[in-house]
1. From the residues in the range 488-507 that are part of a strand (DSSP E or B) and of a type outside the set (A, V, I, L, M, F, W, C), which one is farthest from Thr66 (Cα to Cα)?
2. Using beta carbons and a limit of 8 Å, which pairs, at least six apart or on different chains, have the first residue in the range 111-126 and more than 24 Å from Ile146 (Cβ to Cβ) and open to solvent by 10 Å² or more (accessible area, probe 1.4 Å) and the second one assigned to a loop (DSSP other than H, G, I, E, B) and at pLDDT below 90?
3. Exactly one of these conditions fails for Gln299: (1) surrounded by fewer than 23 Cβ atoms within 10 Å (Cβ to Cβ); (2) modelled with pLDDT of 95 or more; (3) not small (Gly, Ala, Ser). Give me its number.
4. Which one of these is in contact with a Leu (Cβ under 7 Å, 6 or more places away or on another chain) and closer than 22 Å to Arg314 by Cα: Val110, Val131?
5. Please state which of the following conditions Asp517 fails to meet, knowing it meets all the rest: (1) charged (D, E, K, R); (2) at pLDDT 90 or above; (3) surrounded by fewer than 16 Cβ atoms within 10 Å (Cβ to Cβ).
6. Quick one: Gly187 ticks every box in (1) over 18 Å from Val131 (Cβ atoms); (2) without any contact (Cβ under 8 Å) to a residue 24 or more places away in the chain bar one, so which box is it?
7. Given the options Gln548, Gln576, Gln553, name the one that is under 17 Å from Ala77 (Cβ atoms), assigned to a strand (DSSP E or B) and either out of contact with any strand residue (DSSP E or B) (no Cβ under 8 Å at 6 or more places or on another chain) or open to solvent by 60 Å² or more (accessible area, probe 1.4 Å) (or both).
8. Name every residue in the range 493-508 that is open to solvent by less than 50 Å² (accessible area, probe 1.4 Å) and over 15 Å from Arg550 (Cβ atoms), in order of residue number.
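The values are calculated or read from the model by the stated rules, or taken from the named source; none is laboratory data. Keep in mind that what you see is a predicted model, and the values were worked out from it rather than measured. Positions of Cβ are generated from backbone atoms using ideal geometry, with glycine treated the same way; all protein chains shown enter the neighbour counts. Heavy atoms of the whole protein, side chains included, go into the accessibility calculation; ligands, DNA and RNA do not. Shrake-Rupley method; radii C 1.70, N 1.55, O 1.52, S 1.80 Å.
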Amino acid sequence: MKTALCVFAAGLLVTVAPVCTAAGQQPGLSQAAPLDPVLVTASPLVNTLDDVMQSVSVMTREEIETVPAATLGELLARISGVEVRRRGGPGVQADIGIRGTAYEQTLVLVDGVPLGDPQTGHHNFNVPVPVEHIERIEIIKGPGGIAYGGSATGGLINIVTRSPTRRESGLGLRAGSHRAREGEVFGAVRAGTTGHLFSAAHFRTDGHEPERRADAELMQAAYTGQAELGHARLRWGLAADEKHFGAWKFYTADFPDQRERTDTRLGWLGGEAAAQSWMVSSRIWWRGHGDWFRTRVGQRDFINRHDTDVYGLRLSARRPWAGGVTAIGGGHVEQRIESNALDDHRRDESTMWLAHRHALGDRLQIEASLGVVDYSDHGTQTLPSLGLEYAVGRDWSVHAATAATSRIPSYTELFLQTSGNRGSAVLVPERSGFHELGVRYRVGPRRLSLTVFERRTRDLIDWARAPGELAWQAGNFDGHRSRGAELEWLWRSQGTGLLEHLRLSSTWLDTRLDHGDSQIKYALDFARFAASAAARVRLRGGLGLSVQARYQQRSSDPARPAGREAFLISARLDWQRGPMQWLVEGTNLRDDTVVEAGFAPLPGRWLYAGLRLRY
């Protein structure tokens with residue numbers, strides 16, 4: 001704890017100092033351009049979507065407000081290449097993968113703050129931010145985020161919170177199937193150069209299978225603030241969530257009475273400032289997480305408790321000059337766990353990186369970077385990357401990217417010892433090489449992208465069991481290769497036509513692994529083909545209709561024979577009248593049986609009715 005406090009003290013100094021320095025500069029010393037409202041997290045060298053040399057999708061606030069999705073996971077399911085594998089009712093738990101990667105290989109962030117949990121990646125998507133608080137979602141596919149170490153093998157998802165522009169407030173109420181009831185409130189204040197936003201949400205359901213204790217109660221609350229000081233800006237936030245839910249068949253089908261409770265706490269402070277010819281940014285954060293899991297066998301309870309804390313700081317600087325744009329940075333993260341099942345452990349991770357972008361003529365751009373990650377328990381990894389983009393014409397471009405990433409095992413993969421799952425303390429970090437080639441078309445509101453990609457991993461970390469065995473054993477595996485292709489079309493209206501926006505996408509994937517006759521738990525359980533279509537239509541009299549259809553065909557898995565193919569349709573009809581909006585909404589309208597993760601099928605058809613007020 002003493003080391004963590006020192007890390008935080010140093011982080012606070014490097015976060016606030018540049019801002020104070022910039023605030024006291026004389027006008028004209030630094031004329032850095034204001035931050036572009038369309039930022040991406042893929043590269044520290046660029047700040048607009050059009051400049052990124054890899055596949056990126058962005059979900060805007062307009063889409064978030066209108067799509068038929070009750071949870072963050074349902075929002076992301078509409079994006080090509082993103083696989084959301086849910087357990088239980090809406091918002092209870094979800095594993096997120098990108099282009100065939102498992103939940104441990106995808107990095108989730110809130111305002112650039114990583115939410116990775118050292119206990120297990122099953123908790124990485126416990127995002128303590130209500131949907132009302134979200135401005136946009138940035139999805140970077142393939143290794144992205146050199147500034148975040150080596151944990152983003154599949155890619156990263158950055159959830160960007162709203163910046164209040166005026167005083168406003170609102171509330172929402174919904175009720176639906178399985179005695180679901182939900183309420184949310186929010187309020188925003190803007191005073192001069194400062195802004196504050198608060199939101200809270202509560203959801204409860206008796207469950208789609210009451211005899212199996214599938215009930216759930218979810219609570220979220222978040223506060224974010226910002227202050228602009230000349231050419232500098234401070235941003236900060238506090239967020240928390242708590243979940244109580246029945247966990248039947250979440251991880252094993254052997255015991256019918258299982259229950260879980262999780263809580264997440266998140267706090268961060270970030271600063272951005274123009275200092276001479278550099279744009280300097282820094283951030284410190286803390287994430288705490290608790291997990292309580294009970295399995296009842298007869299009259300006896302078996303309880304596992306895990307508490308994790310992650311402290312981090314990151315500092316970076318970017319400078320444009322005649323030779324291009326150069327960025328440099330570093331960071332440090334400390335992790336700890338206290339657990340009655342995994343014991344108590346500590347580890348830390350230090351990162352340094354250097355990146356440069358250069359124009360070779362009018363059409364060709366090149367970007368190269370080198371990151372070095374030092375793991376206290378697993379040595380040092382060197383992670384290079386290279387990207388190229390060529391402008392074929394005014395509207396068309398071709399890009400290519402290659403990068404290396406690494407991932408260290410979670411504490412569950414290292415130390416779990418149960419009758420059904422056995423970790424291995426001798427696991428080594430997995431290391432992946434990723435390659436991508438893509439074509440993009442961009443004109444006004446229209447965007448088309450076609451990408452082919454390949455990922456190869458050495459010492460892949462996964463769970464396996466031999467024929468006839470019941471227990472899964474964690475291990476390192478070689479011979480991993482995953483190849484695929486992705487197509488996405490996005491159109492947004494710029495006028496008053498009937499159609500407001502349209503998103504069409506599809507993904508093909510093939511994965512191989514040298515595993516003999518053993519059964520593999522995660523790497524070979526993937527969506528071979530997925531396609532989705534989402535549209536928003538503006539009707540008369542303030543009516544709006546949103547429809548989303550998604551088809552998915554998963555790889556063959558004899559352990560999970562049901563729900564391998566699904567065609568899910570969701571729809572929402574809303575009516576806006578002044579500050580009030582009435583809505584009816586339904587998910588899985590075909591009532592398909594789907595098993596996305598674990599062994600329990602998802603709820604079938606789920607209907608809602610509700611209203612929203614916004615002032």
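1. Step by step, filter the range 488-507, then rank; the result is Thr507.
2. As it stands, the answer is none, since no pair meets every condition given.
3. Of everything listed in (1) surrounded by fewer than 23 Cβ atoms within 10 Å (Cβ to Cβ); (2) modelled with pLDDT of 95 or more; (3) not small (Gly, Ala, Ser), Gln299 misses just condition (2).
4. Result of the check over Val110, Val131: Val110.
5. Answer for Asp517: the failing condition is (2).
6. The single condition Gly187 does not satisfy is (1).
7. Gln553
8. Listed by number, the residues that qualify are Ser493, Gly495, Gly497, Glu500, His501.
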